[in-house]
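See structure below.
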Amino acid sequence: MDTHAYPVTRSDAEWRARLTPEQYAVMRNHGTERPGSCALLYEKRAGTFYCVGCDQPLFESKLKFESGTGWPSFNDPVPGSIETTVDRSYGMVRTECHCSRCG
Ligand SMILES: [Zn+2]
């Protein structure tokens, strides 16, 4: 992780206790779910998607759309809820999105 200080911080043991192993890999270890593997891809109910790390509202269902990428996609996040970092590893330029409150 970077050294940015987030309003919500937890020890590694606390993160492991709060998250499933797959959530931990994605959220704390820069992992990526396999395309099409996320149950939220098929979530159609009206409501709000919250960060599992700190319960901050991240996305509204009305802005969710089918991108065809295999990952849940949204036109815009809840304002201020998402920050991005640029990852230039592996010879690629990729933008990683993360929760502004817990990283
Ligand atoms: Zn969070």
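The values are calculated or read from the model by the stated rules, or taken from the named source; none is laboratory data. Fair warning: this is a prediction, and the values are worked out from it, not measured in the lab. A quick note on method: Cβ atoms are made from the backbone with ideal geometry, for glycine too, and the neighbour counts reach across all protein chains shown. Note: areas computed on protein heavy atoms with side chains; ligands, DNA, RNA excluded. Shrake-Rupley method; radii C 1.70, N 1.55, O 1.52, S 1.80 Å.
Across region 28-50, what is the total count of residues that are aliphatic (A, V, I, L, M) and in contact with a strand residue (DSSP E or B) (Cβ under 8 Å, 6 or more places away or on another chain)?
Initial filter on region 28-50 (aliphatic (A, V, I, L, M)): 39-41, 46.
So of that shortlist, the ones also in contact with a strand residue (DSSP E or B) (Cβ under 8 Å, 6 or more places away or on another chain) come out as 40.
The number of residues fulfilling the criteria is 1.
Among what's in region 60-103 and is within 29 Å of ARG10 (Cα to Cα) and charged (D, E, K, R), pick the residue that is nearest to the ligand (Cβ to nearest atom).
Going through the qualifying residues, I end up with ARG101.
Can PRO57 be described as within 16 Å of the ligand (Cβ to nearest atom), open to solvent by 60 Å² or more (accessible area, probe 1.4 Å), at negative phi and out of contact with any Gly (no Cβ under 6 Å at 6 or more places or on another chain)?
Working: within 16 Å of the ligand (Cβ to nearest atom): yes; open to solvent by 60 Å² or more (accessible area, probe 1.4 Å): no; at negative phi: yes; out of contact with any Gly (no Cβ under 6 Å at 6 or more places or on another chain): yes.
No; evaluated as a whole, the condition is false for this residue.
Being more than 12 Å from the ligand (Cβ to nearest atom), within 17 Å of ARG28 (Cα to Cα) and over 12 Å from the mean Cα position of the chain (by Cα) is the requirement here; does THR48 meet it?
Working: more than 12 Å from the ligand (Cβ to nearest atom): yes; within 17 Å of ARG28 (Cα to Cα): no; over 12 Å from the mean Cα position of the chain (by Cα): yes.
The answer is no for THR48.
Take region 81-103 and flag every residue that is part of a loop (DSSP other than H, G, I, E, B) and surrounded by 10 or more Cβ atoms within 10 Å (Cβ to Cβ).
Let us first name the residues in region 81-103 that are part of a loop (DSSP other than H, G, I, E, B), namely 81, 88, 92-93, 100-103.
Once the filter is applied, which keeps residues that are part of a loop (DSSP other than H, G, I, E, B) and surrounded by 10 or more Cβ atoms within 10 Å (Cβ to Cβ), region 81-103 yields SER81, SER100, ARG101, CYS102, GLY103.
Any residue in region 7-25 that is closer than 22 Å to ARG94 by Cβ, of a type in the set (Val, Ile, Thr) and open to solvent by 70 Å² or more (accessible area, probe 1.4 Å)?
no
When you check ASN29 against the structure, is it under 14 Å from the mean Cα position of the chain (by Cα) and open to solvent by 90 Å² or more (accessible area, probe 1.4 Å), yes or no? Write out each step before concluding.
Numbers: under 14 Å from the mean Cα position of the chain (by Cα): yes; open to solvent by 90 Å² or more (accessible area, probe 1.4 Å): yes.
Yes.
Could you please give the count of residues in region 41-54 that are surrounded by fewer than 12 Cβ atoms within 10 Å (Cβ to Cβ) and at pLDDT below 95?
Number satisfying all stated conditions: 2.
Collect the residues in region 60-71 that are assigned to a strand (DSSP E or B) and open to solvent by less than 50 Å² (accessible area, probe 1.4 Å), keeping them in residue-number order. I'd like the intermediate steps shown before the answer.
First, the residues of region 60-71 that are assigned to a strand (DSSP E or B): 60, 64-65.
Selection gives LYS64 alone.
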